[in-house]
Structure formats: C-alpha cells, structure tokens
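The values are calculated or read from the model by the stated rules, or taken from the named source; none is laboratory data. Quick caveat: nothing in here was measured; it's all calculated off a predicted structure. We place every Cβ from the backbone using ideal geometry, glycine too, and count neighbours over all the protein chains shown. Calculation scope for accessible area: heavy atoms of the full protein, side chains included, ligands and nucleic acids excluded. Shrake-Rupley method; radii C 1.70, N 1.55, O 1.52, S 1.80 Å.
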Amino acid sequence: MGERYRAVVERIARAAERAGCDPASVTLIGVTKGVDAARVREAMAAGLRDLGENRVQEAVPKIEAVGPGPRWHLVGHLQRNKARLAVGRFQVIHSLDSLRIAEAVDRAAGEDGRRVPVLIEVNVAGETTKYGIAPGAAVDLVGHVLACRSLDPIGLMTVAPPSGDPETVRPVFRELRALRDRLRAEVAGDAFCELSMGMSGDFEVAIEEGATMVRIGRALFGDR
Ligand SMILES: *Cc1c(COP(=O)(O)O)cnc(C)c1O
C-alpha cells in the first residue's frame, strides 16, 4: 500500500511541476469504493488524508468503521432522498447536478447548522449515460447555489469519458477549466477555484490542465 501511495504522490508531483504549479496545490482523493475499512486505514497510515466514495449508503458504515481523521468526499451521484444521510458524513460534495438536489442538500445542511462546500458536476463531453449538467446550464445552477444559505460553491467536477489514451480527453479537462475561469470571473468570485478532474487513467493530463483535486481508485488500491 505504502509503495503504491508513494508512486501516485510522485506522479502527481511530476505532473504539477510540468504544469508549473505547486504539488501541494493538488489534493489526492483516494476513491475507496469496494475497498474495506482495514485497507482504507492502511492507506491512511501511508499518508492518505482525503477519501472519496460514490454511493452514500455503502459509504456510511465504512465512514463509521474508519473513524475520525480523514476528510470524506462524495464523488458519485447524489439522490435527493440521501441528502440528509450525506450531509454531516461527507465534508465535500462533488456531484451537485440539479437545483432540486442543491435545495435538498441546502435544507439538510441548514437544519444541521452546517455549511457544505460543493462542486457542480459538468458533463463536458455530453455523454448520455453520464450525470452532470450541460456546460451551458452551469451559470444558472451556480447562481442558484450561490443563493443557498448553507452551500458554498467551490468549483467544478467532471468525469471524462473512458479512454485508452489520456491525450484524447485533454480537451475535456481544458474545457472544464475554461468554464471554471469564466464562472469565477462572471458569477462566483475567487472562492470558486477547485477543479475536481482526473482518475487513475488520466490524472496526469488533468493536472497539466489545472486539476486541483484528483480522484484515484485503481492506481492506489488495485483493480476492483
Ligand atoms: C470510481 C471513481 C473514481 C476513481 O476511478 P479509478 O479509475 O479507479 O481511479 C473517480 N471518480 C468517480 C466519480 C468514481 O466513481
């Protein structure tokens, strides 16, 4: 585990150098779906601090088993009726993709007296099988999220189409970055700075294109 972790951290650092940015500005999120609590703890012992899960119900017992320490990120689709379960267990939600879900999370967070940092998931490539809003709908949704009392919109997230060659998805990452820059300048302000993009197969290209958060499962934990 330690070796895999160090290899990924090293690859992140080299990609950050190529991009001319500080490696510390890229957060490694270890995606632990299908990984049991014991192995999650091993990864934490190696240094991993940020963990991601994509299904609320599977994550809740694991979050409890792992105990305090890590920062949990919800990276998968959130159903409205799971908003209450998610708030308070996840410190960051990466997958807001509708006003209805934003309102449900806002309500649950407000009742809990919390503020929740959220990212808007964008379906850059327009794949019909994917979650996420169309790029053209982002201005509107970010505006609504800014008006929510208990949500802090901090950036954008995308899942690039699967590809054998990460170069083919570089334009997807570039487009997400351009959209983030535009939203930051026109509606959301400087706090809207995060770009959650890049997975095991493409994270180096994502970092070269400005990723601030990479979500990595297989490269850390092996094939599912
Ligand atoms: C599973 C998952 C990841 C990690 O994928 P790997 O290819 O295993 O690195 C990242 N983001 C999301 C949304 C996921 O569901």
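Residue-wise, which Karplus ³J(HN,Hα) couplings in Hz belong to the stretch 131-138, taking 6.51 cos²θ - 1.76 cosθ + 1.60, θ = phi - 60°, and x for glycine or proline?
With the stated coefficients, the stretch 131-138 comes to 7, x, 8, 5, x, x, 9, 5 Hz.
Scattering from the C-alpha atoms of the stretch 170-216 alone, worked out with Debye: what is log10 I(q)/I(0) at q = 0.13, 0.20, 0.23 1/Å?
Listed by q, the Debye log ratios stand at -0.27, -0.59, -0.73.
What accessible area per residue, rounded to a whole number of Å², is obtained for the chain using a probe radius of 1.4 Å?
Roughly 46 Å² per residue, with all protein chains present.
Once a ≥ b ≥ c are taken as the square roots of the eigenvalues of the Cα gyration tensor of the chain, is the result rounded (a/c under 1.5), prolate (a/b larger than b/c) or oblate (a/b not larger than b/c)?
Oblate is the answer for the chain, as a/c is 1.5 or above yet b/c matches or exceeds a/b.
Mind running the shape call on the stretch 93-165? Use the C-alpha gyration tensor, a ≥ b ≥ c as the square roots of the eigenvalues: rounded below 1.5 for a/c, prolate if a/b tops b/c, oblate otherwise.
Note, shape of the stretch 93-165 comes out prolate.
Taking θ as phi - 60°, what are the ³J(HN,Hα) couplings along the stretch 102-111 by the Karplus curve (6.51, -1.76, 1.60), each to the nearest whole Hz, with x for Gly and Pro?
Couplings: 4, 5, 5, 5, 4, 5, 4, 5, x, 5 Hz.
Averaging sequence separations of C-alpha pairs under 8 Å and six or more residues apart, then dividing by the length of the chain, give the relative contact order as a whole percent.
21 percent
Rounded to the nearest 20 debye, what is the charge dipole size of the stretch 2-221 about its Cα centre when +1 sits on each Lys and Arg Cβ and -1 on each Asp and Glu Cβ?
Rounded to the nearest 20 debye, it is 540 debye.
Using the Karplus curve 6.51 cos²θ - 1.76 cosθ + 1.60 with θ = phi - 60°, what ³J(HN,Hα) values do you get for each residue of the stretch 26-41, in whole Hz, with x for Gly and Pro?
These are the phi-based 3J(HN,Hα) values: 10, 8, 8, 9, x, 8, 9, 4, x, 10, 7, 4, 5, 6, 4, 5 Hz.
Tell me which of Val122, Pro153, Gly67 sits at the most positive position along the dipole axis of the chain, charges placed on C-beta atoms (Lys, Arg +1; Asp, Glu -1).
Gly67
To the nearest 20 Debye, how big is the dipole of the stretch 106-224 about its Cα centre, given +1 on the beta carbon of each Lys and Arg and -1 on that of each Asp and Glu?
240 debye
At a 1.4 Å probe radius, carbon and sulfur cover how many percent of the accessible area of the chain?
47 percent
Starting from the Cα-Cα distance between Arg71 and Arg218, subtract it from 0.36 nm times their residue separation and give me the gain in nm to one decimal.
That pair, Arg71 and Arg218, stretches by 51.0 nm at full extension.
For Leu85 and Arg18 in the same chain, what is the full-extension length gain: residue separation times 0.36 nm, less their Cα-Cα distance, in nm?
Taking 0.36 nm per residue and subtracting the Cα distance, the gain is 20.1 nm.
Label points 7 Å out from Cα along the Cβ direction at Ala46 and Arg107: separation in nm?
4.2 nm
So what's the gap between the Cα centers of the stretch 99-171 and the stretch 1-65, to the nearest angstrom?
21 Å
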